[in-house]
1. What helices (runs of 4 or more DSSP H) lie completely within region 10-108 and have 1 or more residues being in contact (Cβ under 8 Å) with a residue 40 or more places away in the chain and under 27 Å from residue 177 (Cβ atoms)?
2. Can we say residue 78 is closer than 27 Å to residue 175 by Cβ, buried (at least 19 other Cβ atoms within 10 Å of the Cβ), not assigned by TED's automatic domain parsing to the domain that holds residue 151 and not β-branched (Val, Ile, Thr)?
3. Could you list, in sequence order, all residues of region 157-178 that are assigned to a helix (DSSP H, G or I) and free of Cβ contacts under 8 Å to residues at least 12 places away in the same chain?
4. Quick check on residue 58: is it within 15 Å of residue 173 (Cβ to Cβ), in the same structural domain as residue 23 (by TED's automatic domain parsing) and of a type in the set (Phe, Trp, Tyr)?
5. Conditions: (1) part of a helix (DSSP H, G or I); (2) out of contact with any Leu (no Cβ under 6 Å at 6 or more places or on another chain). Residue 115 meets all but one. Number of the miss?
6. Among the residues of region 15-28, write down those that are surrounded by fewer than 22 Cβ atoms within 10 Å (Cβ to Cβ) and either outside the structural domain of residue 52 (by TED's automatic domain parsing) or of a type outside the set (D, E, K, R) (or both).
7. Among the residues of region 29-62 satisfying the criterion of being touching an Asp or Glu at 6+ places or on another chain (Cβ under 9 Å) and polar (S, T, N, Q), which is surrounded by the fewest Cβ atoms within 10 Å (Cβ to Cβ)?
8. For region 124-147, enumerate the residues that are in a helix (DSSP H, G or I) and in contact with a Gly (Cβ under 9 Å, 6 or more places away or on another chain).
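The values are calculated or read from the model by the stated rules, or taken from the named source; none is laboratory data. As the structure is a computational prediction, the values presented were derived from the model and not from experiment. Note that each Cβ is placed from the backbone with ideal geometry, even for glycine, and that neighbours are counted across all protein chains shown.
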Amino acid sequence: MIVVAQATDGGQAVDLWRKHRPHVTLLDLRMPVLDGVRVINEIRKEDASARIVILTTYDSDNDIYRAIKAGAKGYLLKDARREELLGCIRKVNGGETCIPQGLMQKLVTGISSEPLTEREAEVLQLLAHGKSNKEIGTKLFISESTVKGHLRNIFTKLNVLSRTEAVTAATRRGLVQL
């Protein structure tokens, strides 16, 4: 294996991919300029068969799902053993996918739960930023009782009992950005 390039941000990653066309590309999810998912989208516009492995510290079910949906063929955490990383690169180069069992379980668990609606996601994001029901209602042009209804749905879908638990669960799953 030969490393042909190393990028400092997502925009540079796309440019270097275009220049070198590597057999396998390793990407982080969180990078300046373009995040990993946007880099995957840009690369796959030019080559739908590009072989991309996400190598990151982020393991929420939402992060894994977004990367795989965008076209990543592998997903590893940065604490993976060297042999595991090399094995994953070889598998992806050979046309296989490579997602460790523990991450696959997170992905399946996250997908199997009922997704939040767009409005519920907006309410949850504002909740995560410490907004009261009244403030959320004002911001979204809905009544406080409608906010409460959305919160009940969010609590049910996230299997939590309180506002604090909802924010914690949503943060852990990558559903909100603080």
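1. Helices (runs of 4 or more DSSP H) meeting the threshold: 61-70.
2. no
3. Residues satisfying the conditions are 164, 165, 168, 169.
4. Yes: the conditions hold for residue 58.
5. Just one mismatch for residue 115, condition (1).
6. 16, 20, 22, 23, 24, 26
7. My answer is 57.
8. Correct list: 144, 145, 146, 147.
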